[in-house]
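Can you read through this structure? Questions will come right after.
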Amino acid sequence: MSQTPAYKRILLKLSGEALMGDDSYGINRATIEAIVGQVKEVVDLGVQVGVVIGGGNIFRGVSQAASGMDRATADYMGMMATVMNALALKDAMENAGIIARVQSALTMQQVAEPYVRGKAIQYLEEGKVVIFAAGTGNPFFTTDTAAALRGMEMNVDIMLKATKVDGVYTDDPKKNPEAVRYQTLTFDEAIGRNLKVMDATAFALCRDQGLNIKVFSIFKQGALTRVVLGEDEGTLVHC
């Protein structure tokens, strides 16, 4: 197997729910360590890695409390949840021997650096993993959109959307055993077939700026490495 990466710099989009494992909410330590183990494999290959993390494992765990809440207030609470996840991810990375930095779109100087594009690029070039927290720093935008923005700002080669399913399928593979995984799709094909790859705003940004997306399962052992090596893993959405 070739050990030459197909990509020099990637943006990994992780949902907050990915950190829960089999728990109903919160952070499952074994799960986060397994994810970090996959990240370490690609860092050791010399790939530069940026990460955007969601907050659904924390905020959705108390989402009933947000019922009737002002949308902007609820979104800011969600952004703060992503900072908590980013700190947990950084801690797990450092335990695994990865040098990581957290940059937050919300100012929280005691726990995270403010987001500064030039500094983030410098860290990536130095081989550090940069974890981008607090989404875009604005309400009404998802962490998918934050991932699209950070991916473009960091000039990454590809955005990798980590999910529980190993790609995009013709139908829900859990409900339909006849569902077939797409190896590749164009942006227009995904839109035309109403395949919800990611948030519509983020998807349009990636399409318009020519940033390809690879959808894969972060829970499939070695999948991230296979994606980075350019092997047939997941689904590539391209222009």
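Which numbered condition trips up MET77, out of (1) buried (at least 19 other Cβ atoms within 10 Å of the Cβ); (2) at pLDDT below 95; (3) hydrophobic (A, V, I, L, M, F, W, C)?
(1)
Looking only at the stretch 140-160, count how many residues are in contact with a Phe, Trp or Tyr (Cβ under 6 Å, 6 or more places away or on another chain) and not in a helix (DSSP H, G or I).
Of the residues in that region, 2 qualify.
Does PHE187 meet the test of being closer than 24 Å to LYS40 by Cβ, touching a strand residue (DSSP E or B) at 6+ places or on another chain (Cβ under 7 Å) and touching a residue at least 40 places away in the same chain (Cβ under 8 Å)? It would help to see each step written out before you state the result.
On the way: closer than 24 Å to LYS40 by Cβ: no; touching a strand residue (DSSP E or B) at 6+ places or on another chain (Cβ under 7 Å): yes; touching a residue at least 40 places away in the same chain (Cβ under 8 Å): yes.
So PHE187 does not fit the description; no.
Let me ask something else. Considering only residues that are in a helix (DSSP H, G or I) and either surrounded by 14 or more Cβ atoms within 10 Å (Cβ to Cβ) or modelled with pLDDT under 95 (or both), which ones fall in the stretch 202-233?
Narrowing the stretch 202-233 to residues in a helix (DSSP H, G or I): 202-209, 223-228.
Within the stretch 202-233, ALA202, PHE203, ALA204, LEU205, CYS206, ARG207, ALA223, LEU224, THR225, ARG226, VAL227, VAL228 meet the criteria.
Answer yes or no as to whether ASP166 is surrounded by 18 or more Cβ atoms within 10 Å (Cβ to Cβ), touching a residue at least 60 places away in the same chain (Cβ under 8 Å), among the charged types (D, E, K, R) and in a loop (DSSP other than H, G, I, E, B).
On the way: surrounded by 18 or more Cβ atoms within 10 Å (Cβ to Cβ): yes; touching a residue at least 60 places away in the same chain (Cβ under 8 Å): yes; among the charged types (D, E, K, R): yes; in a loop (DSSP other than H, G, I, E, B): yes.
When the stated conditions are applied, ASP166 passes them.
Let me ask you something else. Which condition number does GLY68 fail, the rest of (1) more than 26 Å from MET152 (Cβ to Cβ); (2) not in a loop (DSSP other than H, G, I, E, B) being met?
For GLY68, the exception is condition (2).
Mind listing just one residue for me: the one in the stretch 106-126 that is of a type in the set (Gly, Ala, Ser) and out of contact with any helix residue (DSSP H, G or I) (no Cβ under 7 Å at 6 or more places or on another chain) and, of those, surrounded by the most Cβ atoms within 10 Å (Cβ to Cβ)?
Per the criteria, the residue is ALA120.
The values are calculated or read from the model by the stated rules, or taken from the named source; none is laboratory data. Since we're looking at a predicted model, the values are computed, not measured. Virtual Cβ from ideal backbone geometry, glycine too; neighbours counted across all protein chains shown.
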